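Some notes on the structure that comes next.
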Amino acid sequence: MPQKPSIPKGTRDFSPTEVARRNYIIETIKKHFEVYGFQPIETPSFENSNTLLGKYGEEGDRLIFKILNSGDFISKVDDVTYSSKNSSSLLSKISEKALRYDLTVPFARYVVMHQNEIDFPFKRYQIQPVWRADRPQKGRFREFYQCDADVVGSNSLLQEVELVQLYDAVFTDLKLGGTTIKLNNRKILSGIAEVIGAKHLLVDFTVALDKLDKIGEEKVKEEMITKGISEAAIAKAAPLFDMSGSSIEQLTQLKSLLATSEIGMHGVSELEEIINTVEEIGLKTANLKVDVTLARGLNYYTGAIFEVSAPEGIHMGSIGGGGRYDDLTGIFGLKDVSGIGISFGLDRIYLVLEELGLFPERLDQSIDVLCINFGEKESLASLKLVGKLRENGVKAEVYPTFTKMQKQMKYANNRKVPYVVLIGEQELSKGEFVVKNMDTGEQKTYAMDNLEAFVSSLRA
C-alpha cells in the first residue's frame with residue numbers, strides 16, 4: 001500500500017479560498033507601499049552562507065536552514081573533521097548556501113551590489129517567502145511570507161514617522177482598527193545596559209528582555225543571570241518592568257533613569273521627536289505606545305524599534321515589526337549608509353482577519369458567470385458568449401460536460417458563482433440567453449446581440 005503523502009512540519013498547502021484571501025492582504029499592503037513611494041525588488045530564495053550567518057545573533061543563526069553542497073560533498077571532508085562529529089566545523093565543508101532568514105540582510109547585500117544603479121534615499125518594498133527552522137506553533141511557521149518596506153540613505157526621523165503612518169494606513173484599510181504600534185529605541189536599551197553596569201552584555205540583555213511578554217519577568221531575570229548579568233545589575237533595571245503611564249510620562253521616567261548615559265538620552269530624544277510629530281499629524285485607527293521592554297533581539301538594530309500587536313482581545317504574537325539600522329550595509333563594505341525598515345506579518349494578519357470575520361464577502365469567488373452545458377450545439381453557442389464576456393473583463397466559463405442540470409447547478413453553488421447562463425434549444429433558436437441570479441433566483445433574458453446590457457448589469 002502506498003505511503004500517505006505529507007508535507008514538512010511548519011509548511012502548508014493553500015486552497016483557492018486561502019490564496020484569494022492572502023492575495024487580498026498582499027494587494028492591500030502593496031497598494032500602500034506604492035502610494036508611499038516604495039519600489040519593488042526581488043532577491044534569490046537562497047544566499048551564500050556568509051551573507052546570512054552572524055547577522056541575526058546566536059539564536060538567529062541556529063534557525064537558518066542550511067543547504068547541502070551538490071555532488072559528493074562528504075568525500076571532500078578530511079578524516080579528522082569528519083570523525084570529530086563537530087557540526088560547526090563540518091558545516092563549512094558541506095554547506096556554502098542557506099535559505100534566506102529574512103528580507104533585510106539580502107536587501108543590504110542588494111544595495112551594496114547595486115549602489116551605482118540606485119538613487120538615495122532608496123525606498124524599496126519586497127514581498128517574498130523566507131524560511132526559519134523554528135518550532136511550529138499557532139501563527140509561527142517554518143516557511144512564510146514577509147512584506148517589507150525599507151528606506152536606505154537617510155537618517156531623518158521623518159522616515160520613522162512615515163512608517164508609523166504606513167502601518168496605520170494598511171491596518172485601517174484592512175478594517176483592522178485598534179492595533180497598537182509599540183515603539184522603543186535601541187539606544188535606550190544600550191543606555192540601560194550602560195547604567196546598570198552590563199554594557200558588555202548588551203546582546204544577552206536585549207535577547208532576554210525581548211522574551212518578557214512570552215515567558216514573564218521572573219524567567220527573563222533567570223535567563224539574564226545565566227548569561228552573566230549580576231543580580232545587582234538586574235535590580236538597577238527593575239524600573240523597566242514596572243514602567244507605566246502615557247508615552248510622554250514613560251519618557252520622563254527614562255530621562256531620570258538614563259541621566260548619566262549620553263547614548264541613552266539620545267535615544268529618549270529621538271523617541272520624543274517621533275511621538276510628538278505623530279501626535280501632531282494624528283493616526284486614523286492605530287495606537288502609538290512606548291514600550292521600553294521592546295527589544296526585538298536582532299543585532300543590526302541601532303535606533304527606533306517597532307512592533308505591532310493585534311487589537312485587544314486577540315491572542316496573537318506581533319503582526320508587524322522593524323527598526324532603524326545605521327550601518328547594516330557596512331557588513332558588506334558600504335559604510336555609513338543609514339536605513340530603516342518595517343515588515344508586515346502576512347500569516348498572522350490572515351489569522352487575525354479570519355478570527356474577526358473581516359475578509360470581504362465573495363473574495364473567493366473565482367468566476368462571475370457559469371454557462372450550463374445543454375449539449376453540443378448549445379455549448380458551442382455558450383463558448384462564443386463566454387469569449388465575448390472575457391473580452392469585456394468578465395470571468396466566465398462553460399461547464400465542460402453535458403450532464404444533469406442539478407449537478408451543474410451544485411457545481412455553481414459550491415464555487416459561489418453569482419450568475420448562471422442558460423442557453424438551451426429554445427434560447428438558441430431565438431438568439432437569446434437567460435441569466436439566473438444565484439442569490440435571488442431571479443431570471444432575466446437578453447438578446448445575443450445585446451451583450452452590453454448584461455455586462456453593464458454586472459458592473460452596476
Worksheet item: If you put +1 on each Lys and Arg Cβ and -1 on each Asp and Glu Cβ, how big is the dipole of segment 307-460 around its Cα centre, in Debye rounded to 20?
Response: 620
Worksheet item: What size of dipole, in debye to the nearest 20, comes out for segment 387-436 about its Cα centre when the only charges are +1 on Lys and Arg C-beta atoms and -1 on Asp and Glu C-beta atoms?
Response: 320
Worksheet entry | Rounded to the nearest 20 debye, dipole of segment 110-256 from Cβ charges on Lys, Arg, Asp, Glu | 320
Worksheet item: Roughly speaking, what is the stretch gain from residue 273 to residue 312, that is 0.36 nm per residue apart minus the C-alpha to C-alpha distance, in nm to one decimal?
Response: 11.4 nm
Worksheet item: Rg and Dmax of the chain, Cα atoms, in Å?
Response: 28.2, 93
Fill in: Extreme residue, positive dipole direction of the chain, given options 300, 260, 446 (C-beta unit charges)
446
Practice prompt. Please work out the Cα center distance from segment 210-249 to segment 371-408, rounded to the nearest Å.
Written response: 66
Item to complete: Obtain the nm distance between the two label points defined at residue 135 and residue 172 by a simple spin-label model: each point lies 7 Å from its Cα along the Cα-to-C-beta direction.
Response: 4.0
Worksheet, complete the sentence: Loop-resident GluC sites (Glu not before Pro) in segment 362-454 with no more than 11 other Cβ atoms inside 10 Å, DSSP not H/G/I/E/B, are 442
Worksheet item: Which whole-number percent is the relative contact order of the chain (Cα, under 8 Å, 6+ apart)?
Response: 15
Worksheet, complete the sentence: Projected convex hull area of segment 306-410, Cα atoms, direction-averaged, in nm², equals 12.9
Fill in: Candidate lysines - alpha carbon under 23 Å from residue 335, same-chain residues fewer than 8 apart omitted
55, 123, 187
Item to complete: Give the carbon-plus-sulfur fraction of the accessible surface of segment 320-386 in %, rounded to a whole number; probe 1.4 Å, heavy atoms of protein chains only.
Response: 52
Worksheet item: Given the pairs 30/444; 4/407; 221/255; 255/284; 30/66; 284/388, which span a C-alpha to C-alpha distance of over 32 angstrom in this model?
Response: 30/444; 284/388
Practice prompt. Starting from the Cα of residue 287, step 7 Å along the direction of its Cβ; do the same at residue 242; then give the gap between the two resulting points in nm.
Written response: 2.3
Practice prompt. Using label points projected 7 Å from each Cα along Cα→Cβ, tell me how many nm separate residue 22 and residue 444, to one decimal.
Written response: 3.7
Fill in: Kirkwood hydrodynamic radius over Cα pairs of segment 194-258, then Stokes diffusion coefficient at 20 °C and 1.002 mPa s, in µm²/s
173
Discussion item. If I compute solvent accessible area with a 1.4 Å probe over the protein chains, what percent of it on segment 101-150 is carbon and sulfur?
Written reply: 43
Fill in: Selected from 285, 156, 185, residue furthest toward positive end of dipole (segment 148-304; charges at beta carbon)
185
Fill in: Restricting segment 171-274 to trypsin sites (Lys or Arg not before Pro) in coil, as DSSP defines it, with at most 14 other Cβ within 10 Å
175, 227
Worksheet item: By the gyration tensor of its Cα atoms, with a ≥ b ≥ c the square roots of the eigenvalues, what is the shape of segment 245-343: rounded for a/c under 1.5, prolate for a/b over b/c, or oblate?
Response: oblate
Discussion item. When a/c reaches 1.5 or more, the comparison of a/b and b/c decides; with that in mind, is segment 380-460 rounded, prolate or oblate per its Cα gyration tensor?
Written reply: rounded
Fill in: Computed [θ] at 222 nm, deg cm²/dmol, the chain (DSSP H ≥ 4; -39,500 (n - 2.57); rounded to nearest 500)
-12500 deg cm²/dmol
Worksheet entry | FRET efficiency for residue 459 and residue 327, using Cβ-Cβ distance with R0 set to 60 Å, rounded to 0.05 | 0.70
Worksheet item: For residue 366 and residue 430, FRET efficiency with R0 = 41 Å and r from the beta-carbon atoms, rounded to 0.05?
Response: 0.85
Practice prompt. Mind checking which aspartates and glutamates have their Cα closer than 18 Å to the Cα of residue 436? Skip sequence neighbours fewer than 8 apart in that chain.
Written response: 368, 378, 397, 425, 427, 452
Worksheet item: How much area per residue is accessible in the chain when the probe is 1.4 Å and only protein heavy atoms are counted (Å²)?
Response: 51
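The values are calculated or read from the model by the stated rules, or taken from the named source; none is laboratory data. Remember, it's a predicted structure, so these values are computed and weren't measured experimentally. Cβ coordinates were reconstructed from backbone atoms using ideal geometry, including for glycine residues, and neighbour counts include every protein chain displayed. The accessibility values were calculated without ligands, DNA or RNA, using every heavy atom of the protein model including side chains. Shrake-Rupley method; radii C 1.70, N 1.55, O 1.52, S 1.80 Å.
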